[in-house]
1. Please find, within region 408-425, the residue that is farthest from residue 276 (Cα to Cα) out of those that are open to solvent by less than 10 Å² (accessible area, probe 1.4 Å) and among the hydrophobic types (A, V, I, L, M, F, W, C).
2. Taking residue 490 as the residue in question, decide whether it is open to solvent by less than 30 Å² (accessible area, probe 1.4 Å), in a loop (DSSP other than H, G, I, E, B) and of a type outside the set (S, T, N, Q).
3. Sort out which residues of region 168-200 are under 15 Å from residue 133 (Cβ atoms) and open to solvent by less than 30 Å² (accessible area, probe 1.4 Å), and write them in order of number.
4. Show the residue pairs meeting these rules: Cβ distance below 6 Å; 6+ apart or different chains; first residue within region 477-494 and among the β-branched types (Val, Ile, Thr); second residue outside any helix (DSSP H, G or I) and open to solvent by less than 20 Å² (accessible area, probe 1.4 Å).
5. Considering only residues of region 496-505 that are open to solvent by less than 40 Å² (accessible area, probe 1.4 Å) and under 20 Å from residue 365 (Cβ atoms), which is nearest to the chain's Cα centre (by Cα)?
6. Looking only at residues in region 65-95 that are touching a residue at least 60 places away in the same chain (Cβ under 8 Å) and more than 30 Å from residue 10 (Cα to Cα), which one is least open to solvent (accessible area, probe 1.4 Å)?
7. Taking the options 347, 383, 379, name whichever one is part of a loop (DSSP other than H, G, I, E, B), among the hydrophobic types (A, V, I, L, M, F, W, C) and open to solvent by 10 Å² or more (accessible area, probe 1.4 Å).
8. Please enumerate the residues belonging to region 123-145 that are under 17 Å from residue 192 (Cβ atoms) and either in contact (Cβ under 8 Å) with a residue 24 or more places away in the chain or open to solvent by less than 100 Å² (accessible area, probe 1.4 Å) (or both).
Amino acid sequence: MAKVKINDTEIEVPNGINMIEAARLAGEEIPHYCYHPHLSIAGNCRMCLVESIGPRGAVLEIACNMQARDGVAIRTDSAQVKKMRTAVMEFLLVNHPLDCPICDQSGECRLQDYYMDHGQHDSRGLDPKVSKHKRQDIGDLIVLDAERCVQCSRCVRFGDEVTGTGELRLMNRGDHTEIGMFPGDRLSHNYQGNLADICPVGALTNKDFRFQRRVWYLRETDSVCTGCATGCNTHVCHQEGEVFRYLPRRNDEVNRSWMCDTGRMSYTEIAGMSRLLTASVAGKTVEPEAATDELAKRIRAAGGNVAFVLGTRATNEANWALLQTVRSNVPNAQVYWVDGNDGGPAAGDKLLLSADRNPNTAGVRLLAAHDGKVGDRDALVAALDSLSLVVVLEDDLVARLGAAPKAAIAYFGTTRNTTAKAASIVIPVAHAVEMDGSYVNRQDRVQRIRRAVNPAGESAPAYVAVDRLGARLGKAPGTQMVAATFNGMARTVTRMKGLDFKGLGKGGRLLVPEPKPATGAEAST
């Protein structure tokens, strides 16, 4: 740790961090445009100038390029610092267009925010502003307005350092400098949305969100992306029960500050045409309670010829509820789970997108190992011909197996997929943004999801729907309360030892590592 002084307050900070982050730990926010914690230091916006106090007295330096070490002292509020910030703002606004009333970045634009705190407020410009290219379609998700750019170079560094594609470049010189692409180039990678996230002004905006809502009307709920097994941390942005976008939420252990476009755009399924909103039996719409009654009746009639399939898209709590329901009420039934990379062997990448498109494969594997009696894909395939009923929890089993089993199917699910179409009983369950719960990502990190909006239609959280089934069969697992369910599961499952629902926090917690296999010498003792 290093002892530094910020505005006469001495604090200890990690040795080597830059002084923007050090000041943040001290409760001081240093304005900046080009600095980003997960990109290299460019030092070209000069907005983060502070006074560095040393043997030569007070010297202006950029905080982003100052490393914390013992004895470093800075001032962020001196008259000289304030004067320089005002001058930088005036320089940046000399050629900036007066687009604020129609700019979709309004409400999260640092140029607007910093102008109110540090701006000149009186324009001294006499010459016409330099005009640049506006509203350029440069990718599937991104629109570029070069006139609004402040040349912070974040987007350039993102392409060079994160995706390695390097499409965007700073071109020309002086006040004609602008962000652009070479003729014929176009953004084609799966991380375009991050360019809009990191742009501090309105130069790069997301096509999908442009002019949909003013951001100050939106509420944000911390959650986790369910697009693949990585489990990127997200903000769910919503208003009046409707979700308008996902944004990446910083977690240095999982996704840093990024998320892929595949996961980013998955929010569209929440209110999409594919949502299951009503229950059905034999193709006829019924109340969820009636569908549950019919399912319980068929399970009792099937005796030992019924199989239950845990869902790698379902939460830990839902899968635990199903396990408890089966073991308590249908002890002769078999439970299975199906592993597999639904995206295909080439569908992942080296950054965040996993070929496994299921958010809770690791969670189901954990519960299956704990239970000790859960069969795998091969065991399920071998048993299909002897079954009269297969109960599937949030897993597109038919698509995974490549064909519908001869047995009748009952499906707890969120969307209309091939399994839902083949099922004779369908019970709708809530989407991840419509409930609380937890998943285990591919790092074996247990992470929370939080309810942002109410369940759509007649859907309910899957653990609630399964609990109702347990009650119809004779003994409910008591999983209506998600926190109590998780904590009970954590007390029982060895690798979840020490975890509690509230303690997962915003960043999640790692499972206890799997015990190493005993060596020959250890096994013989």
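The values are calculated or read from the model by the stated rules, or taken from the named source; none is laboratory data. Because the structure is predicted, anything quoted here is derived from the model rather than measured. Ideal geometry is used to build each Cβ from the backbone, glycine not excepted, and the neighbour counts take in all protein chains shown. Accessible surface is based on the protein model in full, side chains and every heavy atom, while ligands, DNA and RNA are left aside. Shrake-Rupley method; radii C 1.70, N 1.55, O 1.52, S 1.80 Å.
1. If we take residues in region 408-425 being open to solvent by less than 10 Å² (accessible area, probe 1.4 Å) and among the hydrophobic types (A, V, I, L, M, F, W, C), then 409 is farthest from residue 276 (Cα to Cα).
2. On the way: open to solvent by less than 30 Å² (accessible area, probe 1.4 Å): yes; in a loop (DSSP other than H, G, I, E, B): no; of a type outside the set (S, T, N, Q): yes.
Here the answer is no, as residue 490 does not meet what is asked.
3. Across region 168-200, the qualifying residues are 168, 177, 178, 179, 180.
4. Filtered contacts from region 477-494: 482/437; 485/479.
5. The initial filter retains those residues of region 496-505 that are open to solvent by less than 40 Å² (accessible area, probe 1.4 Å), namely 496, 499, 501, 503-505.
When the remaining residues are screened for being under 20 Å from residue 365 (Cβ atoms), the result is 496, 499, 504.
Details: 496: 22, 499: 21, 504: 16 Å.
Selected residue: 504.
6. 95
7. Details: 383 fails: part of a loop (DSSP other than H, G, I, E, B); 379 fails: part of a loop (DSSP other than H, G, I, E, B).
Going through 347, 383, 379 in turn, the sole match is 347.
8. First pass over region 123-145, keeping only residues under 17 Å from residue 192 (Cβ atoms): 135-145.
Scanning region 123-145 gives 136, 137, 138, 139, 140, 141, 142, 143, 144, 145.
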